[in-house]
1. Consider residue 157 carefully, then state whether it is modelled with pLDDT of 90 or more and either open to solvent by 40 Å² or more (accessible area, probe 1.4 Å) or assigned to a loop (DSSP other than H, G, I, E, B) (or both).
2. Hey, does the range 14-28 have a residue that's at pLDDT below 90, in a loop (DSSP other than H, G, I, E, B) and under 21 Å from residue 90 (Cβ atoms)?
3. Which one of these does residue 179 not meet: (1) more than 25 Å from residue 108 (Cβ to Cβ); (2) open to solvent by 10 Å² or more (accessible area, probe 1.4 Å); (3) in contact with a Leu (Cβ under 9 Å, 6 or more places away or on another chain); (4) touching a residue at least 12 places away in the same chain (Cβ under 8 Å)?
4. Return the pairs, sorted by first residue and then second, in which the second residue is assigned to a helix (DSSP H, G or I) and open to solvent by 30 Å² or more (accessible area, probe 1.4 Å), the first residue lies in the range 309-326 and is farther than 24 Å from residue 151 by Cα, the beta carbons are less than 7 Å apart, and the residues are 6+ apart or on different chains.
5. Filter the range 246-265 for residues that are under 30 Å from residue 324 (Cα atoms) and out of contact with any strand residue (DSSP E or B) (no Cβ under 6 Å at 6 or more places or on another chain) and give the result.
6. For the subset of the range 256-293 comprising residues that are among the polar types (S, T, N, Q) and open to solvent by 20 Å² or more (accessible area, probe 1.4 Å), which member is nearest to the chain's Cα centre (by Cα)?
7. What is the residue count in the range 29-42 for residues that are in a strand (DSSP E or B) and farther than 17 Å from residue 74 by Cα?
8. Could you tell me which residue of the range 221-255 is surrounded by the most Cβ atoms within 10 Å (Cβ to Cβ), considering only residues that are hydroxyl-bearing (Ser, Thr, Tyr) and closer than 18 Å to residue 317 by Cβ?
Amino acid sequence: MLPVTLDHCVIHVTDWERSNAFYTAVLGAELIERPVGFAYRFGDRQLNVHGPGVAPAEVARLPVAPGNSDLCFEWHGPLADAIRHLERCAVAIEAGPMQRFGARGAGTSVYFRDPDGSLMEFISYVQCSQRRGPREAPGQHDPTMLPADLPAPQDDGAARHLPGRALPDLALPATRGGACNVSILGGRSVLYIYPRTGVPGVELPPGWDDIPGARGCTPQSCSFRDYFAKLKALGVVHVFGLSSQDTDYQREVAERLHLPFPLLSDAELKFMRALDLPTFTVAGMILLKRMALIIDDGVIAKVFYPVFPPDQSAAEVVSWLRQSPR
């Protein structure tokens, strides 16, 4: 490896006082006064700043301009702490939490903006270790836990055709009895789709934890349970989960997890075929890949795919809804 490390990069701001306040309070920068203007220092790394009164002699072919920077900062701790910090600073989260890959590998990120509109990112490499345990012994399956080394799914493009599609006119069996046709429901709905939930003590299909995106259906359901009130407050009229498991199987998990919304069964795969949803096969079962849909008056307005980590699925939806009110 060459003896080279990143020393500094450059941003452009329009208002020194406003930007100095943001970069010190929100990002924790040390303010370095220059002969004209300021620089922002983070340990042994620095952001040089072009702004009012600064006339740099050397610039890029397309000089940096206000609002066109894209910067990522590592948050040393759980991302939940970063989110609370941004809330205290009254900084809106534009996207996330979502999985991203940074200098140290896979992490979880949220995105926000500086006062000029440049994109900022906090990435945390802490993967909620307090809730994720080691591989399980036979007969000791705990569906609420997430192993720390789960492989992350990659975007294979299999859901790019979904935004703007109308839901199929199908009535699907529901855990609360009868059937539900989401396509005819008015208002905004959230439908999260998952492969299959496990049962405590019952072993998973062979190799389940090694399939990217397979594990985590119970944590995903729990996330929508825990965020149910926030979803309602943000204008969501209906929340549903959907899998290809039958209703009797789904009813057990709905009761065990105390879900405040119904689960829908696509055991005949009619919904899957109508929308050409991505699937995978394991142990002879055709299972739906994990995703979440925002549906407005029966039409898909937003698709979250892939979803990882699964226990952050509802938080990601809530973050988007806050930025996209109806």
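The values are calculated or read from the model by the stated rules, or taken from the named source; none is laboratory data. The shown structure was predicted, so the numbers you read here are calculated from the model rather than taken from an experiment. In this analysis, Cβ positions are derived from the backbone assuming ideal geometry, glycine residues included, and neighbour counts consider all displayed protein chains. In case anyone asks, the SASA skips ligands and DNA or RNA and just uses the protein heavy atoms, side chains included. Shrake-Rupley method; radii C 1.70, N 1.55, O 1.52, S 1.80 Å.
1. So residue 157 passes the test.
2. Taking every residue of the range 14-28 in turn, none turns out to be at pLDDT below 90, in a loop (DSSP other than H, G, I, E, B) and under 21 Å from residue 90 (Cβ atoms).
3. In the conditions (1) more than 25 Å from residue 108 (Cβ to Cβ); (2) open to solvent by 10 Å² or more (accessible area, probe 1.4 Å); (3) in contact with a Leu (Cβ under 9 Å, 6 or more places away or on another chain); (4) touching a residue at least 12 places away in the same chain (Cβ under 8 Å), residue 179 misses (4) alone.
4. Final answer for the pair search is 318/230.
5. 257, 258, 259, 260
6. 279
7. 5
8. Filtering the range 221-255 for residues that are hydroxyl-bearing (Ser, Thr, Tyr) and closer than 18 Å to residue 317 by Cβ, the one surrounded by the most Cβ atoms within 10 Å (Cβ to Cβ) comes out as 221.
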